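So the structure is just underneath, and the comments pick up after that.
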């Protein structure tokens, strides 16, 4: 019988922590996007860690992440490929999230009002310069 010492599990856990930290740091490079996502997470009572996790997570975390991607794309005018890099997702995932949130806004007045409140806070006026944008990607 071969006993496993757990070293593979420890390496996998370290890799997961490094990857999570990488996602967090990448989003932090875009200060306005980071502040918007942090505000959304706080309003929806979801941890920023859950919003940025690699897996889908809970339904609340997944929906918050989709709203965050939508807001960063629509309100902050970040291209979908840049949003994908910020959240460590494919561009097609960002596109799907934006379509889903648009449909949800049409069918759910509570979600529409929540997003409208965030849009009204003036996030669109807070832009980063092109030199800072290059460091995100």
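Only the coordinates and a few stated rules stand behind these numbers; no lab work does. As the structure is a computational prediction, the values presented were derived from the model and not from experiment. In this analysis, Cβ positions are derived from the backbone assuming ideal geometry, glycine residues included, and neighbour counts consider all displayed protein chains.
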Shape of segment 30-136, Cα gyration tensor, a/c cut at 1.5: rounded
Ranked 47, 107, criterion: other C-beta atoms within 10 Å, fewest first: 107, 47
